[in-house]
Amino acid sequence: MARLDQVITNIVDIFLDYADDDGKKKKLLNKEELKKMLEDEIQCPELKDKINAGDIEEAMKMLDKNHDGELNFREFCRCVSELAKCYYQKKTGKGGKKGKGKEQEGEQED
């Protein structure tokens, strides 16, 4: 399987593995499940060092757009996207927030 295929299937599988449906049709990830998923699935030191209990609480507030206390798959994908951006910034030193504050001179966003 190609790398991007594997990444996409892994994202879906991880969400489905951790989201307890409690007999509901719709799979949702609550705060405890998000915490367990991040603890179990994030092993990269550049990301793991950034995650603590306060971060999980803050992440839920930021990602839970409909304020139901759970993340649907779309909200979970935003979480994965934010983690990917964080890792990209660590690897490249680039990728600051576009349009927010002053960018460093000579630095371009990729």
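Structure data summary
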| quantity | calculated |
| --- | --- |
| Label-point separation, residue 81 to residue 62 (7 Å along Cα→Cβ), nm | 1.3 nm |
| Of 25/90; 35/65; 24/65, pairs whose Cα-Cα distance is over 27 Å | 25/90 |
| Among 29, 44, 18 - extreme Cα towards positive end, dipole of the range 1-54, charges at beta-carbon | 29 |
| Net lengthening on full extension, residue 90/residue 3 (0.36 nm per residue, minus Cα-Cα) | 29.2 nm |
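Every number here is computed from the coordinates shown, using simple stated rules; none is lab data. Computed from a predicted structure; not experimentally measured. FYI the Cβ positions are ideal-geometry reconstructions off the backbone, even for glycines, and counts take in every protein chain you see.
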